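Data block below; observations after.
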Amino acid sequence: MTDVSLSDLAAAAQAGPADGGTNEFVLLGLPDLHGQVRGKALRPAAFEAAVRDGAVMTDLLLALDTTDTPITDYEDFGIRSGAGDLIVRPDPSTLREITWRPGWRVCMATPECWSDGLPCELSSREVLRNALDRMAELGYDTRSAFEYEVRLRDANDEPLSFGISYSVGEISSFHAFITRLGPALEGLGVELAAVHTEAGPGLLELNIAARDGIRAADDAVYVKLAVKEVASSMGLTASFLAKTVPGQEGSSGHVHLSCWRDGQNVFASDDAVFDGAVAGVLDHLPAASLMLNPTINSYKRLVPGWFAPVNVSWGVENRSCSVRVIRGDDRDRWRIECRRPGADANPYLALAALVTSAADGIRRGAKPPEPIVGDASARDDLPPLPGSLESALAAFEADPELRGALGESFCAYYAVSRAWELKAWREAVSDWERERYGRAV
């Protein structure tokens, strides 16, 4: 089967095999730099061979934008080099059941090497693994959790709710969807800790249970896959677009993070580690924004007044800050929440940027400034964060420490993809431009 998206492959499975044989496949999924999962469906025997020997895909999968257009600014792989072979290696620990497609399973894979045998360093999942390894070198494991705000619309393109936050009444509008989503996530090994409505029509927040290491990002990817697939099967549309409608709340993808040693939450027992982590995240937040807010649309969400942070700030239980410190009675739950990421971020890269930043601060023994009390977005004395993809790219290029820790090869690769997005935006003409200037000039 040709390399296509997992969603397309799963949809094709619904009808079953043409020859009437056993409908068993494993979707071998390769997370790309956008957070999309691409891959191919393998029969069980072929999957077993892939675990043993690797599987062949095309390196074009590393050089496509979100519209499936080849990024022609890459010279050594992708369309300009002939879209050669790429050897990918499944991670059997991620093998999960797709309950809404009986007989089908899914497994994450990593690009291992190019056709000439040289190692491939362009895997967002491996960037996160390396970041976790660097934190482990300091003596700490990480525990993380993602929370996503997703917009759901019905077959008539109408939102499922009116948009009242934490509404006990409006949650019933999502009952059928949540009822179907629960078993799908269970099959994928994902625990959905809580759901609630948000202040936007059709907006539902999903809180994923905290997990150690790379598992947290794997779960986030599986949640996005399941949400879209289950919604589609019900005639609904699910969107993780950061900003859908002007004047309405956007869709965030907040990340919660804590550090652990010997089964103990170090954020609750070692002020130096906690201070270093907060300071490191704040120091690198401008550059990290390129990974936390990766699209043109991302920055439409980041405006004052919508609980979307616009400056370098932290505070205790302060949701107007970029970094919210959470400290309750249960010390095992003490953590930091970075509120900068949108739901459109690649979870592997978002977590990698935050873990890398925190590790740098811990290593340096850095100290954060005084916490913010009150509305951080109303403060004009705080360092601003990038307000556009272009300014985020400039900040990324101006932070050699973050890039070096994440890996220069990958960062150069990623920066090219963001510059490609900027070029595509500059060449586009929007309805807003036509309406605003079409008759006036």
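If you roll a 1.4 angstrom probe over the protein chains with everything in place, what fraction of the accessible area of the chain belongs to carbon and sulfur, to the nearest %?
The C+S portion of the solvent-accessible surface of the chain is 51 percent.
Any lysines with Cα under 24 Å of the K40 Cα? List them, leaving off those in the same chain fewer than 8 positions away.
Of all the lysines, those that pass the test against K40 - Cα under 24 Å, at least 8 places apart if same chain - are K224, K228.
Using the Cα centre of the stretch 71-136 as origin and beta-carbon charges of +1 (Lys, Arg) and -1 (Asp, Glu), tell me which of N130, F77, P92 is placed farthest towards the positive end of the dipole.
Value: P92.
Mind pulling the per residue volume of the convex hull built on the Cα atoms of the stretch 208-293? Å³ is fine.
Spread over its residues, the Cα hull of the stretch 208-293 gives 138 Å³ apiece.
How would H175, H254 line up by accessible area, probe 1.4 Å, largest first?
Values: H175 120, H254 10 Å².
Ranked from most to least accessible, the order is H175, H254.
Using packing as a proxy for protection, rank 130-138, 261-269, 346-354 so that the peptide with the highest average count of other Cβ atoms within 10 Å comes first.
346-354, 130-138, 261-269
Considering all projection directions equally, how large on average is the shadow of the alpha-carbon convex hull of the stretch 85-140, in square nanometres?
For the stretch 85-140, the mean projected area of the Cα convex hull comes to 5.6 nm².
How do the peptides 314-323, 409-418, 153-162 rank, highest first, by the average count of neighbouring beta carbon atoms within 10 Å per residue?
314-323, 409-418, 153-162
Leaving ligands, DNA and RNA out of it, rank W114, W104 by accessible area with a 1.4 Å probe, largest first.
From most accessible down to least: W114, W104.
What residue among Y413, A398, P371 has its Cα farthest toward the positive end of the dipole of the stretch 352-426, where the charges are +1 on Lys, Arg and -1 on Asp, Glu, each on the Cβ?
It is Y413, whose Cα lies furthest towards the positive end.
Once ligands and nucleic acids are excluded and a 1.4 Å probe is used, how much of H34 is accessible, expressed in Å² to the nearest 10?
Ignoring ligands and nucleic acids, H34 comes out at about 30 Å².
Relative contact order for the stretch 229-289: what percent, with Cα pairs under 8 Å and sequence separation of 6 or more?
Contact order relative to length: 12 percent.
Could you give the length gained on full extension between R434 and D76, defined as 0.36 nm per residue of separation minus the Cα-Cα distance, in nm?
Answer, rounded to one decimal: 125.0 nm.
On alpha-carbon atoms, Rg over Rh for the chain using Kirkwood Rh?
0.96
Express the accessible area of the chain per residue in Å², computed with a 1.4 Å probe while the remaining protein chains stay in the model.
Working: 18840 Å² over 441 residues.
Per-residue accessible area for the chain comes out at 43 Å².
The values are calculated or read from the model by the stated rules, or taken from the named source; none is laboratory data. Here the structure is a predicted model, which is why all the values come from computation and not from measurement. Backbone-built Cβ (ideal geometry, glycine too); neighbour counts: all protein chains shown. Protein only, heavy atoms only, side chains kept; ligands, DNA and RNA dropped before computing areas. Shrake-Rupley method; radii C 1.70, N 1.55, O 1.52, S 1.80 Å.
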